Amino acid sequence: MKLNVMENLEIRIKSTLLSEKPREGSLWIALLSVMVLLFVSLLCWRDPSLLNLLAASRDQVVGEQEYWRLLTTTAIHADLTHFLSNTILFAFFSFLLYGYFGFWVFPVAVLALGSLTNYLSLLTYPENTQLIGASGLVYLMAGFWLTTYVLVERSHPLKKRILVAMGIALIVLVPSSLSPGVSYRTHAIGCGIGVIAALGYFQARKEQIRSLETFHIEEVDE
């Protein structure tokens, strides 16, 4: 991005918050997060009664007011294929969100907003339909990350940032085929909440984020 201040001077944004390396321990946080999901899923595969204790349906959450299910259901997966389809991206975005935005974004805000995603999604389903898996959470994390990338990474032109974000979204988030067992509405709700959360986060931290930018000044030949 270029900012013209004088006719013969040009200021370029050289680096931003996202130009730095992720904070120390990011990889371990991502791996630990995946291990938690795997541990809970393994327990549920071994003991189906535990799945019924941790999974969420509208009747259980709204009717019985068992709100903790909104969080625990995220860790449950139907089988290994379901688990792998979610956790590869979950690990990737866990690494990025903790690495650049810290503990209060991931895991705290992400898990809270993931629970909200599950709640809103369950309101659209019949009361006994169970919602399990981390896909809504993954789409939330993706929406948050891609939005913050567009807003923060001003070392690249805005048009390029938007194209990169759209390209990643098309490749990573848009399914190549539709499956009746997948809750696409949960994906949409999660992504939307992630985008809104990123806009709010950026607005609240804009001054701090901009203060981390570095600049390169060069003289332009007339």
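The values are calculated or read from the model by the stated rules, or taken from the named source; none is laboratory data. Keep in mind the model is a prediction, meaning the values are calculated, not measured. Neighbour counts run over all protein chains shown; Cβ positions are idealised from the backbone, glycine included.
Can you confirm whether the range 56-67 contains a residue that is part of a helix (DSSP H, G or I) and under 21 Å from residue 200 (Cβ atoms)? Before the answer, list the steps.
To start, the set of residues in the range 56-67 that are part of a helix (DSSP H, G or I) comprises 58-63.
Those still in the list that are under 21 Å from residue 200 (Cβ atoms) too: none.
The answer is no; no qualifying residue exists.
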Quiz item: Just to be sure, is residue 70 modelled with pLDDT of 95 or more, more than 13 Å from the chain's Cα centre (by Cα) and either on the phi > 0 side of the Ramachandran plot or assigned to a helix (DSSP H, G or I) (or both)?
Solution: yes
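Please go through the range 199-213 and give me each residue that is surrounded by 13 or more Cβ atoms within 10 Å (Cβ to Cβ) and over 15 Å from residue 104 (Cβ atoms), ordered by number. First the steps, then the outcome.
Filtering the range 199-213 down to residues surrounded by 13 or more Cβ atoms within 10 Å (Cβ to Cβ) leaves 199, 201-202, 205, 209-210, 212-213.
Selection gives 199, 210, 212, 213.
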Quiz item: Within the group 187, 216, which residue is in contact with a helix residue (DSSP H, G or I) (Cβ under 8 Å, 6 or more places away or on another chain) and either closer than 30 Å to residue 124 by Cβ or surrounded by fewer than 16 Cβ atoms within 10 Å (Cβ to Cβ) (or both)?
Solution: 187
Self-check item: residue 121 in a helix (DSSP H, G or I) and at pLDDT below 95
Solution: no
Practice problem: Determine, yes or no, whether residue 165 is part of a helix (DSSP H, G or I) and without any contact (Cβ under 8 Å) to a residue 24 or more places away in the chain. | Solution: yes
Practice problem: For the range 76-85, name all the residues that are assigned to a helix (DSSP H, G or I) and either surrounded by fewer than 22 Cβ atoms within 10 Å (Cβ to Cβ) or on the phi > 0 side of the Ramachandran plot (or both). | Solution: 80, 81, 82, 84, 85
Quiz item: Which number in (1) in contact with a Ser or Thr (Cβ under 9 Å, 6 or more places away or on another chain); (2) within 25 Å of residue 100 (Cα to Cα); (3) surrounded by 14 or more Cβ atoms within 10 Å (Cβ to Cβ); (4) not hydroxyl-bearing (Ser, Thr, Tyr) marks the one condition that residue 182 misses?
Solution: (2)
Self-check item: Residues of the range 126-142 classified as among the small types (Gly, Ala, Ser), more than 20 Å from residue 103 (Cβ to Cβ) and surrounded by 24 or more Cβ atoms within 10 Å (Cβ to Cβ), total
Solution: 2
Practice problem: Determine which member of the set 23, 12 is under 18 Å from the mean Cα position of the chain (by Cα), in contact (Cβ under 8 Å) with a residue 60 or more places away in the chain and either in a strand (DSSP E or B) or surrounded by 12 or more Cβ atoms within 10 Å (Cβ to Cβ) (or both). | Solution: 23
Quiz item: Quick one: how many residues across the range 174-222 are among the hydrophobic types (A, V, I, L, M, F, W, C) and at pLDDT below 95?
Solution: 7
